[in-house]
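Have a look at the structure below, then the notes.
Values in this text are rule-based calculations from the coordinates and carry no lab data. From a predicted model like this one, the values you see are computed outputs, not experimental measurements. For neighbour counting, all protein chains shown are included, and Cβ atoms are generated from backbone atoms with ideal geometry for every residue, glycine included.
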Amino acid sequence: MQKLLLGIDAVSTFIGKAAAWAVVGLTALICWEVFSRYALNNPHAWVLDAQIMLYGTMFMLAGAYTLAKNGHVRGDVLYGFFSPRVQAGLDLLLYILFFLPGVLAMTWAGWTYAQESLAIREQTFSATPLPLYPFKFVIPLAGAVLLLQGLAEIARCVICLRQGAWPRRGEDVEEVDVEKLKEMVHVNDSDLQVPASASAAQGGKP
């Protein structure tokens, strides 16, 4: 089971990182349009629509990645004080009541929405229209990947309820872990302390 969960994490991570490259295209597109508009006096009507679609693709496909890394914001300030079993019970209840119905509805409705858009070859409303239906297929894709990751999180909740501890997640680039950084450079807390004589020379300031 753990191998399967880590495999789902890997899929979500791959898709999230692939979608993150959209920010490179988005940045280049914005810079080019600003130069073209103000330096060359040659604005393009389709650029705004392209920017919105690139940002939307990146934002939607990052949902499963963020869930895999347990990075979504929690609104409950008491959650961190609960035992792992209580946390798992709350998470499981919320996944069943809110997550699954919402994501299933988004995936189903998004697929219908995308099919209708494809049938009419929908385009953006601008002087230079862009095809809109490929972007709308991102909605059910993002929903399906998020649903898959959500099922993995539900399985983690069940495992935690049984074992009393959260199963581990796949490692990825995270915020700086100070303790790991100290181990890498072979530095102890005592090495970071300022000697009393130096502190006195600085006027008692750390």
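Only residues that are surrounded by fewer than 13 Cβ atoms within 10 Å (Cβ to Cβ) and either in contact with a strand residue (DSSP E or B) (Cβ under 9 Å, 6 or more places away or on another chain) or over 11 Å from Asp49 (Cα atoms) (or both) were counted in the stretch 107-126, giving 6. Only one entry of Val158, Val145 meets the criterion of being surrounded by 17 or more Cβ atoms within 10 Å (Cβ to Cβ) and outside any strand (DSSP E or B), and that entry is Val145. Report whether or not Ile8 is within 30 Å of Phe135 (Cβ to Cβ) and either surrounded by fewer than 19 Cβ atoms within 10 Å (Cβ to Cβ) or touching a helix residue (DSSP H, G or I) at 6+ places or on another chain (Cβ under 9 Å) (or both). Considered against the rule, which asks whether it is within 30 Å of Phe135 (Cβ to Cβ) and either surrounded by fewer than 19 Cβ atoms within 10 Å (Cβ to Cβ) or touching a helix residue (DSSP H, G or I) at 6+ places or on another chain (Cβ under 9 Å) (or both), Ile8 comes out as yes. Taking the criterion of being among the charged types (D, E, K, R) and closer than 30 Å to Trp166 by Cα, the residues of the stretch 1-57 that qualify are Lys3, Asp9, Lys17. So which residues in the stretch 1-52 are among the aromatic types (Phe, Trp, Tyr) and within 23 Å of the chain's Cα centre (by Cα), if there are any at all? Once the filter is applied, which keeps residues that are among the aromatic types (Phe, Trp, Tyr) and within 23 Å of the chain's Cα centre (by Cα), the stretch 1-52 yields Phe14, Trp21.
Scanning the stretch 53-87 for residues that are under 15 Å from the mean Cα position of the chain (by Cα), exposed (fewer than 14 other Cβ atoms within 10 Å of the Cβ) and not aliphatic (A, V, I, L, M) yields Tyr55, Phe59, Asn70, Gly71, His72, Arg74.
Residues are listed down the side, and each one gets a yes or a no for (1) within 13 Å of Ile139 (Cα to Cα); (2) of a type outside the set (Ser, Thr, Tyr):
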{"residue": "Trp21", "(1), (2)": "no, yes"}
{"residue": "Gly25", "(1), (2)": "no, yes"}
{"residue": "Leu48", "(1), (2)": "no, yes"}
{"residue": "Tyr65", "(1), (2)": "no, no"}
{"residue": "Tyr79", "(1), (2)": "no, no"}
{"residue": "Ala88", "(1), (2)": "no, yes"}
{"residue": "Leu100", "(1), (2)": "no, yes"}
{"residue": "Trp111", "(1), (2)": "yes, yes"}
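A search for C-beta distances below 7 Å between a residue of the stretch 36-47 that is touching a residue at least 24 places away in the same chain (Cβ under 8 Å) and under 14 Å from Thr128 (Cα atoms) and any residue that is polar (S, T, N, Q) and not in a loop (DSSP other than H, G, I, E, B), counting only pairs 6+ apart in sequence or on different chains, returns His44/Ser36.
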